[in-house]
Amino acid sequence: MTGTGTHAGGTAGDPAVGPVGDPAVDPGAGPTERYVLRDRFAVLLAPVVWLLLVAVGAAAWVWIGRLQRSAADQGLTQRTRVAAEFTEIYLDRTARRQREDAERLLAGADVGQREFELFGAAFGYRVTVLIDGRGRVMRVSPEVPGLAGRDLSAGLRYVRPAVQRHAAVVTNVYMSPIIEESLIAIAVPFRTPYGERIFSGGFVASESPLGVYLDRAVVPPHGNAYCVDRAGNIVAATAVLGPEVTPLSRLDPELAAALERHPEGDYRSGGAQRRYTSVPIGTTDWRLVTEAPHQEMYTGANEVQRRFGLVLLAGGAAGLAVAAAVSVTTHRRRRGERRLRRLTARYAGQAAELRAVNEELKLLAASVSHDLRTPLAAINGYAEVLAEEVPDGMPPEETARFLERIRRNTARMGDLIDALMAFSRLRRGGFHPRTVDLAALTREVWDDLAAHRDARDIRFELAELPPCRGDPDLLRQVMLTLLDNAIGSTRDRAAAHIEVGSRPGAGGRTAYYVRDDGAGFPPDQAEQLFRPFERLHTTGTYQGSGMGLNLARRIIARHRGDMWAESSPGRGSVFSFTLPFA
């Protein structure tokens, strides 16, 4: 600009800067003079702005430190919560498997001692007791002379609740009179032709598999993790436990005192500040507690603050140079800002989509981590049992049963991997809309699903569907998911009915629906069906990887439509979606 160059190199007699050229008195002053004044103001404003930026940087320095520490605290809490949920699932599945196996193997009129010992060893129990419905001992391992036939309903307090509620009971820590070590027992009642019985198996607290899990997957660096019962005694821990019942107040009195005041926070032990958090474990009376020293937890936060401080100091020293450069670059910066605003407006939609994708990937990673870990853990557990029992002569039917469980879990992992591939193809694939005969496409999909129907008696009604506009390959995936879902939800009916129809929609669209008379689901759980890697039941009405309906809704959204579900238990389901007219 001419005015800007004049300001840099003009003299007192130059009309651009002299009294005659002052826009305050010269009615002919134009845009060039205004730009000159604005540039002068920018030069004077730059040092003040820089000081404000330094102040903001100092505040950000403090805020970042707090944010990093808060993130570390939340990470500890989240890790503890996940471990508590895993522990609850582990106890529940152990009790469930214990009941199922006991009903098959311990339901005879007489249970042999060797057979009973092998049964308990399969679960890793050190002490096992088989009790009849009146509380009398039938079998015990290790075998104790004179104990068979004795009434233990008064001595073992958990026996009566297990019988009354007909539900598994997980005990607090207690001292075993059989092996004189602290135990945690899981007692499950089960029915037999000879009356109800109770099988109780006990882990030694110092050898609990939960302690191994806490040490390998939960405990933070230089920290500890404890699983404590309602009385404050340690069920499992990363620390070494003795044979006796060990209260947390003896092992870490400062932590025990802090837990009495609040379930999470900070406390001081051994001259150092430490952070702790605790989470209840499901329906048990247990609580999972983790703690770690501040020095280890906040190492990353302290390093970030140190580096940020150095950057802030260097930036303050360079402030004068920046202020001098502002006067030269003001015009270019403003021009760049205008261009940036145009680009921001242009790519605002893409930025929003990217944020949504990032959120979806976070949820996807968490779900896959949990869903893949479950079958892997099952496969590993069954393989360990086979490795221990096959050399000792495990019956062929037992071996076949464990191999079948391994096969089912392997197939489950395959379904999850297929769902991941479908999710990836949807994100990468193109979109090629054209007129689609949805009725013909639906008929083709139904014919392709013949193998899934297993020659069942299913009455399929396909109404006259108006054509729509969309990508035929993507819409085929939608109909495949909905029809396959309808077939699965009606499999418990001897004669099922599935209907595909349409009705006018709003805004130049048609509403299509797939109706079945299957098991249905509660209306308040309709949205859960469309969440990635979530199912209403792990087995039963809605099986699969949990991604089919989520992908179907994404496809419909890509067509600028909507998808929803309506149902009630026992009255079937209706899945509806809208598509634009052809």
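Quick notes on this structure:
- The stretch 181-257 and the stretch 448-487: distance between their alpha carbon centers, rounded to Å: 52
- Karplus (6.51, -1.76, 1.60) ³J(HN,Hα), θ = phi - 60°, over the stretch 63-71, in Hz, Gly and Pro reported as x: 5, 5, x, 5, 5, 5, 5, 5, 5
- Projected label points at Ala411 and Trp61, each 7 Å from Cα along the beta carbon direction, are separated by 6.3 nanometres.
- The stretch 163-204: relative contact order as a whole-number percent, Cα under 8 Å and 6+ apart: 35
- Given +1 at the Cβ of Lys and Arg, -1 at the Cβ of Asp and Glu and no other charges, the dipole of the stretch 236-314 around its Cα centre is 300 debye to the nearest 20.
- Placing pseudo-labels 7 Å out from each Cα toward the beta carbon at Gln113 and His222 gives an inter-label distance of 5.4 nm.
- Converting phi to 3J(HN,Hα) with the Karplus coefficients 6.51, -1.76 and 1.60 and the offset θ = phi - 60°, the stretch 294-300 yields 4, 4, 7, 5, 9, 4, x Hz in sequence order, with x at every glycine or proline.
- Near the amide H of Arg531, within less than 5 Å, lie no amide hydrogens of residues on another chain or at least 5 residues away, with H placed in the peptide plane.
- Per residue, the solvent-accessible area of the stretch 204-285 (1.4 Å probe, heavy atoms of protein chains only, all protein chains present) comes to 48 Å².
- Relative packing of 201-210, 66-75, which averages over residues the other C-beta atoms within 10 Å, highest first: 201-210, 66-75
- Scaling against 2.2 N^0.38 Å puts the C-alpha radius of gyration of the stretch 433-525 at 1.13.
- For Thr192, residues with placed amide H under 5 Å, excluding near neighbours: Arg197
- Both radii come from the Cα set of the stretch 53-211: Rg as radius of gyration, Rh as Kirkwood radius; their ratio Rg/Rh reads 1.27.
- Taking all protein chains together and rolling a 1.4 Å probe, Tyr90 ends up with roughly 70 Å² accessible.
- Between the amide H of Arg456 and any residue lying 5 or more places away or on another chain, no distance stays under 5 Å, with hydrogens modeled in the peptide plane.
- Working from Cα pairs under 8 Å separated by at least six residues, relative contact order for the stretch 90-159 is 19 percent.
- Inter-probe distance in nm under a simple model that places probes 7 Å from Cα toward Cβ, at Arg268 and Leu52: 4.3
- Mean separation of Cα contacts under 8 Å (6+ apart) over length of the stretch 63-183, as relative contact order %: 12
The values are calculated or read from the model by the stated rules, or taken from the named source; none is laboratory data. Note that the coordinates shown come from a computational prediction; the quantities given were computed from them, not determined experimentally. As a convention, Cβ positions derive from the backbone with ideal geometry for all residues, glycine included, and neighbour counts pool all protein chains shown. Each accessible area value is taken on the protein alone, full model and side chains, heavy atoms only, with ligands, DNA and RNA left out. Shrake-Rupley method; radii C 1.70, N 1.55, O 1.52, S 1.80 Å.
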